[in-house]
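Presented below is the structure to which this report refers.
The values are calculated or read from the model by the stated rules, or taken from the named source; none is laboratory data. It should be emphasised that the depicted structure is a prediction, and the values quoted were computed from it without experimental measurement. Heads up, the Cβs are rebuilt from the backbone with ideal geometry, glycines too, and the neighbour counts pull from every protein chain shown. Surface areas here come from the heavy atoms of the whole protein model, side chains and all, with no ligands, DNA or RNA. Shrake-Rupley method; radii C 1.70, N 1.55, O 1.52, S 1.80 Å.
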Amino acid sequence: MVEAAVRVRDLTFSYGEKQAVAGVSIDVAPGEIVGFLGPNGAGKSTTIKMIIGQLRPQSGSIEIFGERMPRQRDDIQARMGVCFEEKNHYPAMSAAENLKFFGKLFGLRAVPVDALLDRVGLLDRRDERVAGFSKGMRQRLMIARAIINTPDLLVLDEPTDGLDPVSAIAVRELIQAEADRGAAVLLTTHDMHEADELSDRVAFINDGCILVTDTPEELKLQHGTRAVTIRRRDADGIAEDVLPLDDADTAGRLATALSDPHLLTVHTREATLEDVFVEYAGRGLAE
């Protein structure tokens, strides 16, 4: 049993009369990527702010690397990397100057600026002012800054926001590489493909409460449809048949379909993560 890098228990937080977090508990192990998913206003951001030390919990406990947050906040934050959704660079500085400055905040004697910029595809823009960067370039610089201290905990808020598909794939590969190195990764995203592809486990939150925590595959299997969809050409265009896997005659019908020269596609039907969330919460992740 691997000891959790992050252990959160029964967190609560209210803004006046509005309870934003109502007893959240979540663990993240070293080398694990946990997708923290929910619609706007569900309590994700407030929970994340308590984990990284921006807010003090009104009740509950946060233990990171065996130390208590916020009591030992400085020690914990020195081992943490955070990529905020808001791009808070210094626009008058170059990409290299931004990284050197933030490296000094971590007490780093030498900052591997070129290596970091190369990992996010910005090495050829190292000496340009960030003010002239596109939204996607600023986001990639945020990722580089988040890993500047080789963090043991990486907290990422919408890490591929504003990125083109090629850059998004590169950033996902970087995140996976950080997890493979041993970093615990807590990821929030509205991109369900991203959450499905990257997350070892996902936690759905709504109205300040964790609804379920499990692997994406297990959730989709539990809430999907055991069926095969077959698409074929016929006289009227394209026909689609759904064959339930639990029916006794499905094997024979499937064999017949596979021998049909007009067969186009065969695929299983399964729930998406958003389908699963709607089933639990009654509303979509983007709402």
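Here the simple spin-label model places points 7 Å from the Cα toward Cβ, and for Ala235 and Ala177 these points are separated by 5.9 nm.
For the chain, the dipole from Cβ point charges (+1 on Lys and Arg, -1 on Asp and Glu) about the Cα centre works out to 1380 debye, to the nearest 20. In the chain, helical runs assigned H by DSSP with n ≥ 4 each contribute -39500 (n - 2.57); averaged across all residues and rounded to the nearest 500, the mean residue ellipticity at 222 nm is -9500 deg cm²/dmol. Couplings 3J(HN,Hα) for segment 103-113, derived from phi with the Karplus relation 6.51 cos²θ - 1.76 cosθ + 1.60 (θ = phi - 60°), are x, 5, 4, 8, x, 6, 6, 9, 9, x, 4 Hz, where x marks Gly and Pro.
Measuring spread by the Cα atoms of segment 188-287 yields a radius of gyration and Dmax of 17.3, 53 Å. Using the alpha-carbon positions of the chain, Rg (one decimal) and Dmax (whole number) come out as 22.5, 72 Å.
The Cα center of segment 69-110 and the Cα center of segment 32-47 differ in position by 22 Å.
Counted over the chain, the DSSP beta bridges are approximately 70% antiparallel.
Can you tell me which lysines have their Cα less than 28 Å from the Cα of Lys100? Leave out same-chain residues fewer than eight positions away. The reachable lysines, counting only those whose Cα sits under 28 Å from Lys100, are Lys49, Lys87, Lys135. Each residue of segment 268-275 was assigned a 3J(HN,Hα) from its phi angle through the Karplus expression (A = 6.51, B = -1.76, C = 1.60, θ = phi - 60°), giving 7, 9, 9, 6, 8, 4, 5, 4 Hz with x at Gly and Pro. Among Ala248, Leu258, Val171, which residue has its Cα furthest toward the positive end of the charge dipole of segment 144-287, with +1 on Lys/Arg Cβ and -1 on Asp/Glu Cβ? Value: Leu258. Under 5 Å from the amide H of Val82 lie the amide H atoms of Val155, each residue being 5 or more positions distant or on a separate chain, with H modelled from the backbone and absent for Pro and chain starts.
Placing unit charges on each Cβ (+1 for Lys and Arg, -1 for Asp and Glu) gives the chain a dipole about its Cα centre, and among Thr189, Gly41, Phe133 the Cα reaching farthest toward its positive end belongs to Phe133. The mean accessible area for residues of the chain, using a 1.4 Å probe and ignoring ligands and nucleic acids, is 50 Å² per residue.
A P(r) calculated from all alpha carbon pairs of segment 142-217, with 10 Å bins opening at zero, reads 17, 52, 28, 3 percent.
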